[in-house]
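See structure below.
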Amino acid sequence: MDIHLGIIGYGGMGKWHAKNAARAAGVKVAAVCDIDEEKIKEGTKDGFVTYSSAEELLADSNVNTVVLTVPNHLHKEMCLKAAVAKKNVITEKPAALSVAELDEMESICKKEGVFLTVHQNRRWDKDMLIIKKIYEEGILGKIFSIESKLHSANGYMHEWHLYKKYGGGMLYDWGPHLIDQILFMMPNAKIKSLYADIKNVLHEEVDDYFKILMKMDNGITVHIELSTYMLKYAPRWVVGGDKGTAVINSFACDGTIYRTGKLLEKLPPQITETIAGPTRQFAPVPPGGIIEEPLPQVESDWVDFYKNVRDVLNGKAESLIKISEVRRVLAVMEAVRRSAESGEAIAFE
Ligand SMILES: NC(=O)c1ccc[n+]([C@@H]2O[C@H](COP(=O)([O-])OP(=O)(O)OC[C@H]3O[C@@H](n4cnc5c(N)ncnc54)[C@H](O)[C@@H]3O)[C@@H](O)[C@H]2O)c1
């Protein structure tokens, strides 16, 4: 069976799916819909069958699978309608606004016998996959700290992202990616506890900054930070292990592994006078003390997402993005909000 995709919401992400999904053999875009006339015109111009409502698209018997690229608050409602219309459902992230909503979506899809998955496309990001490889292959020895930071200088958010009622704010926007990447990287590690803070730096109604600290039962402390207004960006990833440190600066995967030979053997016996006073431990590293190595290479192609959906629908594969994993991410996001509100760490899992 080929995927005949119906795209519900022909905005930024809808157009992206329209352009890229058919890169997977056996996937073609059958129709798109939007409630905005301009978007419908664009869909027609782009050569697609267009509809002005989800209901009309769902009535099209040529569509067997839909992707929900509408604002976040509509994912549950659209999923329920699509399932009743016997369409398989791919929803954009966040899959839902809460664990309870996701459970409802899963249960109706099961009842109607249709497949449900979530477009967690950032599982194919090479920067994250390099860190995953470093973790899995012990390239840094025993890892004690992983920092995943995403900083932007662009400040303001746009359109529906600015309002709570549409599921706006950065935790709903990027939380599902940044948390999912960590849990995907180390699926067998449990989160022992979690502490989080959420801020409104430039936006009154919705959050535009969050920090999450997760103490994992494998000895790693994970630090996730997102800011829309950090004018000098921190590296995208900093990972500390007992055999080295890895830094990846950006999505472009520019970065380095740092190791030391002699520094670990013994600190210099004398105190070093720095501009900020005397120190042994935190003095500058003597020349040659740090060795630099290239990062390991990884290959990935996001189109594997649609190939996998096609194979699942043909009974040839298991879903790469499992609803149980998506539920775990949403549960972490709920704990993040609880911790941020109470100022307390939350015992988890
Ligand atoms: N996976 C990713 O990398 C990624 C990136 C960006 C956005 N997203 C997700 O994609 C979804 C859409 O985001 P976007 O940036 O494309 O937003 P957008 O505002 O660009 O597009 C949303 C579209 O939905 C349309 N729409 C609204 N209500 C509708 C309805 N009832 N029926 C049909 N169409 C309707 C709007 O007119 C608009 O064209 C969000 O859930 C967002 O979180 C995912």
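Read the figures in this text as sums done on the coordinates, not as results from a lab. Just so it is clear, the model here is predicted, and its values are computed rather than measured. FYI the Cβ positions are ideal-geometry reconstructions off the backbone, even for glycines, and counts take in every protein chain you see.
For this structure, a couple of remarks:
- Degrees between helix 75-84 axis and first principal axis of the chain (Cα, 0 to 90, nearest 10): 40 degrees
- Centre separation in Å (Cα based) which lies between region 325-349 and region 40-83: 32 Å
- Computed [θ] at 222 nm, deg cm²/dmol, the chain (DSSP H ≥ 4; -39,500 (n - 2.57); rounded to nearest 500): -9500 deg cm²/dmol
- Prolate/oblate/rounded label for region 3-77 (Cα gyration tensor, a/c 1.5): rounded
- Residues D127, D217, ranked from the fewest to the most other C-beta atoms within 10 Å, line up as D217, D127.
- When R23, R122 are arranged by Cβ crowding within 10 Å, least crowded first, meaning fewest neighbours, the order is R23, R122.
- Computed from backbone phi with θ = phi - 60° and the Karplus coefficients 6.51, -1.76 and 1.60, the 3J(HN,Hα) list for region 335-349 is 5, 4, 5, 5, 5, 5, 6, 8, x, 10, 6, 10, 6, 9, 6 Hz; x is used for glycine and proline.
- Between 0 and 90 degrees, the angle of helix 99-112 with respect to the longest Cα principal axis of the chain falls at about 40 degrees.
- Sparse packing (at most 16 other Cβ atoms within 10 Å of the Cβ) combined with a DSSP loop state is found for the following chymotrypsin sites (Phe, Trp or Tyr not before Pro) in region 135-221: Y156, Y163.
- Cβ-based exposure ranking for T272, T91, T117, in which fewest neighbours within 10 Å come first: T272, T117, T91
- Each principal axis of the Cα cloud of region 247-349 was evaluated for its coordinate range; sorted largest first, these ranges are 68, 42, 23 Å.
- Using the Cβ-Cβ distance between T245 and Q297 with R0 = 25 Å, the FRET efficiency computed as 1/(1 + (r/R0)^6) comes to roughly 0.85.
- Trypsin sites (Lys or Arg not before Pro) restricted to region 207-237 and DSSP loop, no more than 16 other C-beta within 10 Å: K232
- Think of the chain as having a plus end and a minus end, set by charges on the Cβ of Lys, Arg, Asp and Glu; of H203, H151, V29, H151 sits farthest toward the positive end of this dipole.
- Among the listed pairs K110/K316; K15/K76; K93/K307; K19/K39; K93/K243; K81/K199, those whose Cα-Cα separation exceeds 25 Å are K93/K243; K81/K199.
- Each DSSP beta bridge with both residues in the chain is either parallel or antiparallel, and the antiparallel ones are about 60%.
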